[in-house]
Amino acid sequence: MSQVDLFQQAADILHENDRGHYTIPTKGLYPFQWNWDSCLTALGMAWLDEARAWTEIDTLFVHQWDDGMVPHIIFHEPDEGYFPGPDVWDVGRETPTTGITQPAVAGFAVKRLYERCQDRALARTRASALLPKIADWHEWFYRCRDPQQTGLVAVLHPWETGRDNSIDWDVPFEQVPTEGVGPYTRRDTQHANPEHRPTQAQYDRYIWLVQHFRALGWDNTRLHDASPFQVVDPGFNAILLRSCADLATLADELDMPALAARQRALVAQGLAAFNTLWSEQHQQYLCQDRVSGELIDSLSSGGLLAVFAGIDRTHAQKIARRIEVLGSRCSYLVPSHDPADPRFDGRRYWRGPSWLIVNYMIMDGLLEHGYEATAEKILRGSLALIRESGFAEYYDPLSGEPCGGGRFTWTAAMVLEFLQRD
Ligand code: DGY
């Protein structure tokens, strides 16, 4: 398939999933606006329509909560085909949202859009309006998810990381009960192969946490300490720190010096704390269970995503080497879990499959740190997956089999990004 054909197919998917002021990730399985999907989608969209790309992120921030949190789903239109819907979350907002957040990639996306856009006046206006809102979200993270001021924030629900059923959460999930979770009907397994999706036992815990936080009135001053699941994810923190750093650079450009200084201070304290997540034994970063204080023995792509932030050269080099080792264990980088681990499952969502958005961020980090050859391997593998298996949600890293939802928006957006680089 030629590059022009690939570009056209990706553009068709973005148009198909466009709902005017936001895009859905894919029909059926995910019929609303998702937070980090939208931010990464905007990057691809900018190659087609710059104003529409800005609107994608603007729409997300219209639904920012008063305390600064930006929710993980905005339920713009009713749709019975998704569970758990607005009634389960019950956050009491006019346009319903969920009550948890997602990886804070907006700062990174807005800087990249700003740099790329041909319409300079539009870029300046839209970025200037978004900057303080993104900064408020970052403040929310450090206030509500790092109450002890460690420099690193915790997630309180696996859905916040976007890596829903990663092996990273298996041990901390043992502390999450399931009593009191009433009968419910999953809808995801009606849209996608159940063998590609999280298990019932995981869903019971996802729902228990939602019910628990709902009973606390979604009061973010209480949720952190009251949650039996508090995990410090290196991938999640790296995305946040990269966004803080990018926001600072953009704030300099847009004459907002106080905002820039504050974001730089957050980066400095975050990077200083980052080494507490390093495993010399495994040569990568690991998640930390904040409840037990232990590092979690699980070699996921969360620990590799750290390279997206400004980590030190020694660790960046070791991550690049780790990715080369993983490349020798699979056909399509970057597996979401190390195939050498017996718990690896190549088709089950975040327990093995490769995802183009993760590839994009890891590739970007490798390029920033000067590892061009490894970045190039990721680029080639990503485009090979598309050519061989279409625009899936994720792929088996051993066989390249397409998994999860089809005609997937952020996969298409990343293809537009990779093609520009190619
Ligand atoms: C889902 O419903 O599977 C989503 O990943 C939650 O964000």
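Can you report the number of residues in segment 291-331 which are of a type in the set (Ser, Thr, Tyr) and within 20 Å of the chain's Cα centre (by Cα)?
3
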Notebook entry, point to check: For segment 184-201, how many residues are open to solvent by 20 Å² or more (accessible area, probe 1.4 Å) and either within 11 Å of the ligand (Cβ to nearest atom) or modelled with pLDDT under 95 (or both)?
Noted result: 4
Notebook entry, point to check: Looking only at segment 213-228, which residues are crowded, with 20+ Cβ neighbours inside 10 Å and either within 15 Å of the ligand (Cβ to nearest atom) or assigned to a helix (DSSP H, G or I) (or both)?
Noted result: Phe213, Leu223
Item checked: Selection from segment 380-412 of residues that are hydrophobic (A, V, I, L, M, F, W, C), in contact with a helix residue (DSSP H, G or I) (Cβ under 9 Å, 6 or more places away or on another chain) and in a helix (DSSP H, G or I) -> Leu383, Leu385, Ile386, Trp410, Ala412
Next item on the list: Determine whether Ser382 is open to solvent by 10 Å² or more (accessible area, probe 1.4 Å) and modelled with pLDDT of 95 or more.
Entry: no
Notebook entry, point to check: Looking only at residues in segment 313-352 that are touching a residue at least 12 places away in the same chain (Cβ under 8 Å), open to solvent by 70 Å² or more (accessible area, probe 1.4 Å) and part of a helix (DSSP H, G or I), which one is nearest to Gly404 (Cα to Cα)?
Noted result: Arg321
Check: Limited to segment 353-379, what total is found for residues that are more than 19 Å from Pro339 (Cβ to Cβ), assigned to a helix (DSSP H, G or I) and not aromatic (Phe, Trp, Tyr)?
Finding: 13
Notebook entry, point to check: Any idea which of Lys133, Lys111 is within 30 Å of Ala260 (Cβ to Cβ) and open to solvent by 60 Å² or more (accessible area, probe 1.4 Å)?
Noted result: Lys133
Margin query: List pairs: first residue in segment 1-19 and modelled with pLDDT under 95 and in a loop (DSSP other than H, G, I, E, B), second residue open to solvent by 80 Å² or more (accessible area, probe 1.4 Å) and of a type in the set (Lys, Arg) anywhere in the structure, Cβ distance under 8 angstrom, at least six positions apart or on different chains.
Written below: Met1/Arg387
Next item on the list: Being within 16 Å of the ligand (Cβ to nearest atom), open to solvent by 10 Å² or more (accessible area, probe 1.4 Å) and of a type in the set (Asp, Glu) is the filter here, so list the residues in segment 147-176 that pass it.
Entry: Asp164
Checklist line | Every pair of residues 6+ apart whose Cβ atoms lie under 9 Å, when the first sits in segment 151-179 and is without any contact (Cβ under 8 Å) to a residue 60 or more places away in the chain while the second is outside any helix (DSSP H, G or I) and open to solvent by 10 Å² or more (accessible area, probe 1.4 Å) | finding: Val176/Pro228; Pro177/Pro228
Check: Taking segment 169-202, which residues are charged (D, E, K, R), farther than 18 Å from Trp89 by Cα and under 23 Å from the mean Cα position of the chain (by Cα)?
Finding: Asp170, Glu195, Arg197
Check: Hey, does segment 250-269 have a residue that's open to solvent by 30 Å² or more (accessible area, probe 1.4 Å), out of contact with any helix residue (DSSP H, G or I) (no Cβ under 9 Å at 6 or more places or on another chain) and in contact (Cβ under 8 Å) with a residue 40 or more places away in the chain?
Finding: no
Next item on the list: Would you mind finding the one in Trp65, Trp47 that is closer than 23 Å to Ala392 by Cα, more than 14 Å from the ligand (Cβ to nearest atom), surrounded by fewer than 23 Cβ atoms within 10 Å (Cβ to Cβ) and hydrophobic (A, V, I, L, M, F, W, C)?
Entry: Trp47
Note to self: I'm told Phe274 meets every condition in (1) part of a helix (DSSP H, G or I); (2) open to solvent by 10 Å² or more (accessible area, probe 1.4 Å) except one. Can you identify the failing condition by its number?
What the structure shows: (2)
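The values are calculated or read from the model by the stated rules, or taken from the named source; none is laboratory data. What you are looking at is a predicted structure, and each value in this text was computed from that prediction instead of being measured. A quick note on method: Cβ atoms are made from the backbone with ideal geometry, for glycine too, and the neighbour counts reach across all protein chains shown. Only protein heavy atoms, including side chains, enter the accessible area calculation; ligands, DNA and RNA are left aside. Shrake-Rupley method; radii C 1.70, N 1.55, O 1.52, S 1.80 Å.
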